Amino acid sequence: MPTRDPSAGETAGSLPRTLRRGLQVLGALRQAGPEGLHVVEVAHATGLQRPTVYRYLDVLVEEGYAQRDPRTKRFGIAMDWAPQPDAHGHAVRRLQPVLRHISDITGDSAFLICRAGSDSLCLHREVGNYALQVLSVTIGHRQPLGVGAAGLALLAALPPNEASELIAQNDKALRAYGGMTAAQMHRLVDNTRDRGWSVVGNSAVPGALGVGVPVLDERGYPVLAISTCTMIDRIPASRQRQIAEQMRVAVARVSA
């Protein structure tokens, strides 16, 4: 006999029960730890039917509480909600000297970001000594991955299928950034891959331009990215290339 989906027929009066089930799904992911769970494992842990689990997971991913690994198809707690403060702290301690070096030689602010689900999350920034600083994001700021030079560098360094999936997830969110479309983001990603580093105008600061490079782990997978941002008249194409190379060299030195 078919099992009745316990979430079927919910009404406004059952919203607390809906919330409780969503928290059960979130709790199952948290208990699973970094390895995450397949949908069928979440269903087993919560007693919910798979279609229901999919609906809850879609919402959790969309809201940034959970993330899906496109390689393993497993779901887990999104990085910035996971109990991993040391991971972020380690990244800042390791790359703060790189950001300081970049700020010192360019005179401009430098930024360190990581991926948080389908967003980028600013972990740290260093302020340069040039009179006019473009402080486009603050520590803790989130925005769709690909918005901003560091996020674009990280997005473009991801496997193509994974990057395309993230762009699709952010389709609506991107529109808040100068009317950005998924097609435009795909073009930016393609250009970044061809160039080897990202360069993009800052939608929050008219006339500003950023340059970014990814930071890869030992497998060659992008986990972080760094960037610098300044007014466009200070950064012609030749200087963009020079700064990108300086960032790559500094990152490689720290990684080695």
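Going by what's in this entry, would residue 20 be described as modelled with pLDDT under 90 and over 23 Å from the mean Cα position of the chain (by Cα)? If you could, list the steps in order and put the result at the bottom.
Details: modelled with pLDDT under 90: yes; over 23 Å from the mean Cα position of the chain (by Cα): yes.
Yes.
Which one is most open to solvent (accessible area, probe 1.4 Å) among residues in segment 177-225 that are at pLDDT 90 or above and of a type in the set (Gly, Ala, Ser)?
Looking at residues that are at pLDDT 90 or above and of a type in the set (Gly, Ala, Ser), I get 183.
If you go through segment 94-104 one residue at a time, do you hit one that is assigned by the TED database to the domain that holds residue 162, among the β-branched types (Val, Ile, Thr) and open to solvent by 20 Å² or more (accessible area, probe 1.4 Å)?
no
Of the numbered conditions (1) assigned to a helix (DSSP H, G or I); (2) over 30 Å from residue 252 (Cβ atoms); (3) at pLDDT below 85, residue 5 satisfies every one except a single condition; which is it?
Unmet for residue 5, out of (1) assigned to a helix (DSSP H, G or I); (2) over 30 Å from residue 252 (Cβ atoms); (3) at pLDDT below 85: (1).
Which of the strands (runs of 3 or more DSSP E) found entirely inside segment 124-233 contain at least 3 residues meeting this: closer than 24 Å to residue 69 by Cβ?
Working: elements: 142-144, 198-201, 208-216, 222-231.
Output list reads 142-144, 208-216, 222-231.
Please enumerate the residues belonging to segment 109-127 that are in contact with a helix residue (DSSP H, G or I) (Cβ under 8 Å, 6 or more places away or on another chain), over 13 Å from residue 226 (Cα atoms) and either open to solvent by less than 10 Å² (accessible area, probe 1.4 Å) or touching a residue at least 60 places away in the same chain (Cβ under 8 Å) (or both).
117, the sole residue that qualifies.
The values are calculated or read from the model by the stated rules, or taken from the named source; none is laboratory data. No experiment lies behind these values; they were computed from the predicted model shown. Counting neighbours? That spans all protein chains shown, and the Cβs are built from the backbone with ideal geometry, glycine included. For the accessible areas, the whole protein counts, side chains as well, though only heavy atoms, and no ligand, DNA or RNA atoms are used. Shrake-Rupley method; radii C 1.70, N 1.55, O 1.52, S 1.80 Å.
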